[in-house]
Every structure is written in C-alpha cells, then in structure tokens.
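In what follows, a single structure is set out as structure tokens and then discussed.
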Amino acid sequence: MSGTIKRLRPLRVLLGGLVVAAALGVTGCQVDVGGQTLPSPNYMRDDVQYFPPGPEFKLQREANALKQAQAEAGMRQL
C-alpha cells in the first residue's frame with residue numbers, strides 16, 4: 001500500500017502545480033501604480049487623458065502686473 005502512495009505523490013504534486021498555475025493564469029496579477037490598477041479590465045476601451053503643455057513660467061500675469069506697477073511708481077517719482 002505504501003508503494004502506491006509513493007508513486008502517486010509526484011502525480012499529486014504535478015496536479016497541484018498545474019492547478020496553482022491555472023488559477024494564477026485565470027486571475028492574472030494586478031499592480032497599483034499611481035492610484036491606477038494595472039492591468040485594468042477596461043484599459044483597451046479607456047480614453048487617454050491628455051494635458052497640453054502650459055506656459056513654462058506659471059506666474060506670467062503676476063510678473064507683468066509687478067513690472068507695470070514698478071513702471072508706474074517710477075513715472076510718479078520723476
């Protein structure tokens with residue numbers, strides 16, 4: 001009886017490994033990157049977010065207002 005059990009052990013290990021591999025293959029693996037779950041089930045249908053590049057200097061209006069105020073202050077002193 002023990003000889004039969006010893007012969008079935010490799011078969012059980014092989015079947016167990018196949019079951020684990022099949023379970024991993026079916027469920028896949030997911031990773032959280034930047035708040036987004038990848039691979040997402042909808043990644044092929046999802047629209048792409050595009051943010052066009054903005055101005056390099058973000059405070060241009062404020063800089064222009066300061067220059068204008070300094071120019072006006074300089075004109076008043078003359």
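A short reminder: the numbers here are calculations on the coordinates, not readings from a lab. Fair warning: this is a prediction, and the values are worked out from it, not measured in the lab. Ideal geometry is used to build each Cβ from the backbone, glycine not excepted, and the neighbour counts take in all protein chains shown.
Structure summary
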{"quantity": "Residue in region 42-55 that is exposed (fewer than 10 other Cβ atoms within 10 Å of the Cβ), outside any loop (DSSP other than H, G, I, E, B) and out of contact with any Lys or Arg (no Cβ under 7 Å at 6 or more places or on another chain) present", "calculated": "no"}
{"quantity": "Of the criteria (1) part of a strand (DSSP E or B); (2) more than 22 Å from the chain's Cα centre (by Cα), which one D32 fails", "calculated": "(2)"}
{"quantity": "Members of region 1-25 found to be closer than 27 Å to P39 by Cβ and exposed (fewer than 10 other Cβ atoms within 10 Å of the Cβ), listed by number", "calculated": "A23, G25"}
